[in-house]
Amino acid sequence: MTQELERLQKVIAKSGVTSRRKAEVLITEGKVTVNHQVVTELGTKVKASDHIEVEGIPLENPEKIYILFHKPTGVITSVSDDKGRKVVTDFFPQLGLRIFPVGRLDYDTSGLLLLTNDGEFANQMTHPKYKIQKKYVAKLKGFLLREEVKQLEKGIVLEDGKTAPAIVKVKSQDREKNTTLVEITIFEGRNRQVRRMFKHFGHEVVKLSRIEYGPLNLKGINAGDARELSPHEVKTLRHLALHNK
Ligand code: URA
């Protein structure tokens with residue numbers, strides 16, 4: 001997903017400041033800056049993320065972008081890491097827009113993660129009062145008992161309070177390996193929530209992946225790959241957040 005380069009005068013004209021012709025005049029007169037440097041060359045190409053000012057006034061904000069990413073395990077959900085470990089934004093070196101993750105997945109968790117440069121959208125998705133549902137598939141140590149499933153579905157008390165009712169479906173149990181494969185849908189996003197919910201009953205999560213986020217899933221997107229959300233998908237997510245209060 002690379003960002004298109006466009007001629008400076010075209011970008012200025014598109015933003016509605018002035019015509020392309022007049023933009024060319026302003027550029028040659030030295031009245032346009034790109035990332036705080038005066039640019040007088042008419043052929044100059046710019047990215048949507050570049051900071052452009054015309055006579056000292058910034059152009060409108062860069063375009064908004066919404067990315068569905070299949071995060072692999074072993075990657076930090078952050079834009080940088082002081083220990084130099086791989087972070088999710090390392091997967092988008094050419095983008096030219098300053099994106100950040102919406103919520104987080106643990107280092108050892110894989111799956112569906114949204115990234116955007118739209119702070120308002122990110123807040124809507126992660127605010128505790130908006131209950132976007134998230135489905136995970138987890139491999140646990142031990143067998144999950146029917147009673148444990150019932151309690152998880154009702155809500156259990158963790159150190160940061162009672163969990164909202166969850167939907168839990170046991171998919172299979174491996175008697176030899178003493179593990180359970182389970183799907184769990186939660187409507188909150190507390191830190192390490194799924195791991196802590198199973199740990200409450202003594203089940204260590206050995207593998208965890210988020211497979212759905214609201215109406216979105218990972219169909220056709222391999223680990224490490226991404227696609228842009230359609231405007232309709234973005235609208236649907238906003239609608240769900242606002243109407244699930
Ligand atoms: N719950 C967890 O425990 N970890 C995650 O990464 C996401 C949800």
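No lab work stands behind these numbers, since they all come straight from the coordinates. What you are looking at is a predicted structure, and each value in this text was computed from that prediction instead of being measured. FYI the Cβ positions are ideal-geometry reconstructions off the backbone, even for glycines, and counts take in every protein chain you see.
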*Give me Rg over Rh for the range 133-213, both radii from the alpha carbons and Rh done the Kirkwood way, two decimal places.*
0.93
*Simple spin-label model, 7 Å along Cα-to-Cβ: Lys83 to Asp174 in nm?*
2.7 nm
*With a cut-off of at most 14 other beta carbons within 10 Å, and DSSP calling the residue loop, which trypsin sites (Lys or Arg not before Pro) in the range 203-237 qualify? Please list them.*
Lys219
*Quick one: if you take sqrt(5λ) for each eigenvalue of the C-alpha gyration tensor of the range 49-145, what semi-axes come out, biggest first, whole angstrom?*
32, 17, 10
*Find the relative contact order for the chain and round it to a whole percent, using C-alpha pairs within less than 8 Å whose residues are 6+ positions apart.*
20 percent
*Could you grab the relative contact order for the range 6-58? Cα pairs under 8 Å, six or more apart, rounded to a whole percent.*
36 percent
*Using only Cα atoms, what is the ratio of the radius of gyration of the range 105-164 to 2.2 N^0.38 Å?*
1.44
*What are the ³J(HN,Hα) values, in whole Hz, obtained from phi via the Karplus relation 6.51 cos²θ - 1.76 cosθ + 1.60 with θ = phi - 60°, for each residue of the range 126-133 in sequence order, with x given for Gly and Pro?*
10, 5, x, 7, 9, 10, 6, 7
*Share of pairwise Cα separations in the chain, more than 34 Å, in percent*: 32 percent
*Let me know the shape class of the range 6-58, please: from the alpha-carbon gyration tensor, a ≥ b ≥ c as square roots of the eigenvalues, rounded when a/c is under 1.5, otherwise prolate if a/b is greater than b/c, or oblate.*
rounded
*Once you list every other residue whose beta carbon is under 11 Å from the beta carbon of Gln9, what net charge do they have if Lys and Arg are +1 and Asp and Glu are -1?*
+4
*Apply the Karplus parameterisation 6.51 cos²θ - 1.76 cosθ + 1.60, with θ equal to phi minus 60°, to every residue of the range 50-58 and state each ³J(HN,Hα) to the nearest whole Hz, in sequence, with x for glycine and proline.*
5, 8, 10, 10, 10, 6, x, 10, x
*Enter the Cα centre distance for the pair the range 1-69 and the range 212-245, rounded to the nearest angstrom.*
30 Å
*Gaussian network model of the chain, Cα springs within a sub-10 Å range: biggest mean-square fluctuation belongs to which of Ile167, Ile27, Ile132?*
Ile27
*Scanning the chain for GluC sites (Glu not before Pro) in DSSP loops with at most 15 other Cβ atoms within 10 Å, what's the longest stretch left with none?*
64-158
